[in-house]
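Everything below concerns the one structure shown next.
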Amino acid sequence: MSGLRDIAPLLDAYLSYFESQRTPFTIPGHKQKAARLDSGLGALVDGDTPLYGGLDEIKLTNQTLKKAEHLAADFWGADYARFSTGGSTHANQAIVLALGSPGDKVAVARTAHRSILSALVLAGLEPVWMSPEIDVATGVPTGIAISEITRALKENPIAVLLTEPGYLGTISDLPALIAASHAQSVPVIIDAAWGGHFGFHPDLPHHVLQLGADALITSVHKALPGYSASALLLAQGKYLDLDRIEQSFETTHTTSPAGAPLASIDAVRALLQVQGRELSAELLRNVAQFKATVQSEFEMPIFLYAQDFPEGRFDPAKIVLRVQQLGASGVEIERELQSAGIRVEMADRDTIVFLATLVDTPDDFRALSDALIPILKERQGPRRESATALSWSVIPERGISMRDAYFAKTEMVAADTAAGRISADLIAPYPPGVAVVAPGEILTAQILNGLKSSKDAGVRIAYATDPTLTSYRVVR
Ligand SMILES: Cc1ncc(COP(=O)(O)O)c(C=O)c1O
């Protein structure tokens with residue numbers, strides 16, 4: 001029995017579909033009976049039903065999706081909400097396509113995910129980059145400073161694009177950044193892919209619409225317990241053209257959305273509405289207890305804590321282990337944890353991120369600390385200074401526009417001759433998937449050396465045409 005279906009129309013429609021008698025002569029072609037052909041194929045597809053002809057009639061006569069989206073808009077306090085089955089990637093692309101016309105400038109935090117950069121290429125917008133401030137003590141990016149946005153706003157961008165929280169859980173001084181942008185009537189769009197759980201407990205940061213932002217994009221499958229690639233786009237109509245967002249959203253979304261991701265967004269909204277505060281309290285308690293258990297075995301602080309940052313500027317549900325404090329390698333610890341059946345969200349030489357969500361139990365955290373403590377003790381060595389990760393420290397040098405580079409004729413050149421050439425690739429250590437170089441930017445010696453050392457330290461270098469980094473794709 002689902003306790004949520006009475007207040008979640010898409011969840012109810014999904015469950016009702018499977019409770020009904022049906023002989024479909026429509027898509028999807030598996031007709032929920034592919035197990036007849038093969039049990040493995042059936043296990044994959046027989047729980048699937050689409051929006052059209054599944055959660056609603058083919059002509060959407062019941063408006064079930066619209067009803068669920070209205071409920072989400074009300075819950076988050078937005079004028080407009082859309083559910084996507086294409087992740088925050090799609091939601092970011094949809095909103096960026098709705099902002100202006102090719103050649104317009106947008107102020108963009110360099111911590112932006114690859115999906116924002118691809119959206120800029122699609123929309124033909126020119127980024128005015130804003131670099132994050134780095135906390136000296138921890139080497140962690142703490143967000144965009146007011147001086148940085150003030151500089152960017154002088155170039156008259158049509159919008160500000162921020163990524164909040166950052167990958168390591170830090171948050172910019174958003175009220176100040178939003179006030180500065182709104183003083184120029186510039187909308188603030190926030191990719192909050194990792195902040196879906198914000199706003200519903202006094203000890204968690206506010207969500208970005210509560211702080212006055214004009215749009216919030218979040219992945220319901222990241223910090224919230226939604227279906228893979230489910231995402232939510234919320235927007236306010238004061239500075240944004242909601243009709244245009246609707247058009248861009250539909251232009252870039254599939255015309256056959258799967259029902260389960262959509263229904264999961266509805267169900268997660270209903271869950272937060274009914275139990276958000278209580279479940280968030282439990283999560284915060286479990287995370288604090290876990291950190292205290294592991295921390296008690298070591299003298300120096302080995303996690304990031306909310307008190308390391310100004311009030312409201314860190315996600316207390318985030319577990320960031322600073323392995324450089326222990327002189328250990330995050331990549332090697334990840335490997336050992338993996339052989340104990342534990343997977344981590346991200347590991348590089350200096351840092352490991354564990355994703356904790358509302359579904360984790362005290363037993364899950366106990367299993368993690370039981371596995372982790374002996375590994376950390378065994379691998380402990382002399383403390384290393386925190387190296388500022390390459391992704392946060394590069395100052396981009398523009399050669400040509402990102403869009404021109406994306407469509408240019410290109411060639412591969414050997415790494416030792418690549419310095420000074422214009423990159424045709426986006427290259428990002430992954431995670432966090434933050435670009436070290438974007439198409440159209442110069443491959444400097446800092447970037448080439450930095451990428452090589454990251455790779456040698458065991459970090460996966462994503463999106464490069466030659467992931468071995470022996471050669472680079474450059475503009476011919
Ligand atoms: C900041 C940020 N934005 C957007 C995305 C893309 O989200 P999705 O995987 O839901 O498409 C990610 C993915 O990691 C991300 O970290």
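Ratio of Rg to Rh for the range 190-332, alpha carbon only, Kirkwood?
1.04
Report the normalised scattering of the chain as log10 I(q)/I(0) at q = 0.09, 0.10 Å⁻¹, calculated by the Debye formula with identical scatterers on the alpha carbons.
Normalising to I(0) and taking log10 leaves -0.65, -0.81.
Where the centre of each part is set by its Cα atoms, how far does the range 46-105 sit from the range 186-202, in angstrom?
If you average the Cα positions of each part, the centres end up 17 Å apart.
If one computes the Cα centroid of the range 15-40 and of the range 205-284, what distance in Å separates the two points?
28
Provide the solvent-accessible area of residue 97, counting protein heavy atoms only and rolling a 1.4 Å probe, rounded to the nearest 10 Å².
50
Taking only complete DSSP H runs, can you tell me which helices of the chain stretch 27 Å or more along their own long axis by Cα positions and average at least -1.0 on the Kyte-Doolittle scale?
Span-like helices here: 259-295.
Of all GluC sites (Glu not before Pro) in the range 222-317, which ones are in loop regions per DSSP and have a Cβ with at most 10 other Cβ atoms within 10 Å?
Those that pass, being in a loop and sparsely packed, are 299, 311.
Just by accessible area at a 1.4 angstrom probe, what is the order of 323, 136 from largest to smallest?
The residues order as 136, 323, largest area first.
Using the charge dipole of the chain (Lys, Arg: +1 at Cβ; Asp, Glu: -1 at Cβ; taken about the Cα centre), state which of 272, 228, 256 has its Cα farthest towards the positive end.
256
Quick one: net charge of residue 469's neighbours, Cβ under 15 Å, K/R +1, D/E -1?
+1
What 222 nm value per residue comes from the helices of the chain, counting each DSSP H run with n ≥ 4 as -39,500 (n - 2.57) and dividing by all residues, nearest 500 deg cm²/dmol?
-11000 deg cm²/dmol
Any idea of the accessible area per residue across the range 36-108, 1.4 Å probe, to the nearest Å²?
I get 45 Å² per residue for this part.
Just read off the accessible area of residue 61 with the full protein assembly in place, 1.4 Å probe, to the nearest 10 Å².
100
At a probe radius of 1.4 Å, what is the per-residue accessible area of residue 104, in Å² to the nearest 10?
50
Within the range 406-459, which trypsin sites (Lys or Arg not before Pro) sit in a loop by DSSP and count at most 11 neighbouring Cβ atoms inside 10 Å?
409
Multiplying the sequence separation of residue 284 and residue 395 by 0.36 nm and subtracting their Cα-Cα distance, what value in nm do you get?
Stretched out fully, the residue 284 to residue 395 stretch lengthens by 36.4 nm.
Please identify every one of the GluC sites (Glu not before Pro) in the range 37-144 that sits in a loop by DSSP and has no more than 12 other beta carbons within 10 Å of its own beta carbon.
Taking the range 37-144 and a limit of 12 other Cβ atoms within 10 Å, the loop GluC sites (Glu not before Pro) found are 57.
In Å², and per residue, what accessible area does the range 251-331 have when probed at 1.4 Å with the other protein chains present?
38
Residues with beta-carbon under 13 Å from that of residue 375, excluding residue 375: net charge, scoring Lys, Arg +1 and Asp, Glu -1?
It works out to a net charge of -3.
Run through the DSSP bridge list for the chain and note the antiparallel percent, rounded to the nearest 5.
Of the beta bridges lying entirely in the chain, close to 70 percent run antiparallel.
Provide the per residue accessible area, probe 1.4 Å, for the range 333-435, rounded to a whole number of square angstrom.
Roughly 51 Å² per residue, with all protein chains present.
How long are the semi-axes of the ellipsoid equivalent to the range 134-213, from square roots of 5 times the Cα gyration tensor eigenvalues, in whole Å, largest first?
They are 21, 17, 10 Å, listed from largest to smallest.
Output the Cα-based Rg and Dmax of the range 342-476 in Å, rounding Rg to one decimal and Dmax to a whole number.
For the range 342-476, the Cα radius of gyration and maximum Cα-Cα distance read 18.4, 56 Å.
What part of the accessible area of the chain, given as a whole %, is carbon or sulfur when the probe is 1.4 angstrom?
For the chain, the apolar C and S fraction of the accessible surface comes to 52 percent.
When all C-alpha to C-alpha distances in the range 66-162 are sorted into bins of 10 Å, what percent of pairs does each bin hold, rounded to whole numbers?
15, 36, 33, 15, 1
The values are calculated or read from the model by the stated rules, or taken from the named source; none is laboratory data. Only a predicted model underlies this, so the values are computations on that prediction, with no experimental measurement involved. So basically every Cβ, Gly included, is an ideal-geometry build from the backbone, and we count neighbours across all protein chains shown. Just the protein is used for accessible areas: all its heavy atoms, side chains included, with ligands, DNA and RNA removed. Shrake-Rupley method; radii C 1.70, N 1.55, O 1.52, S 1.80 Å.
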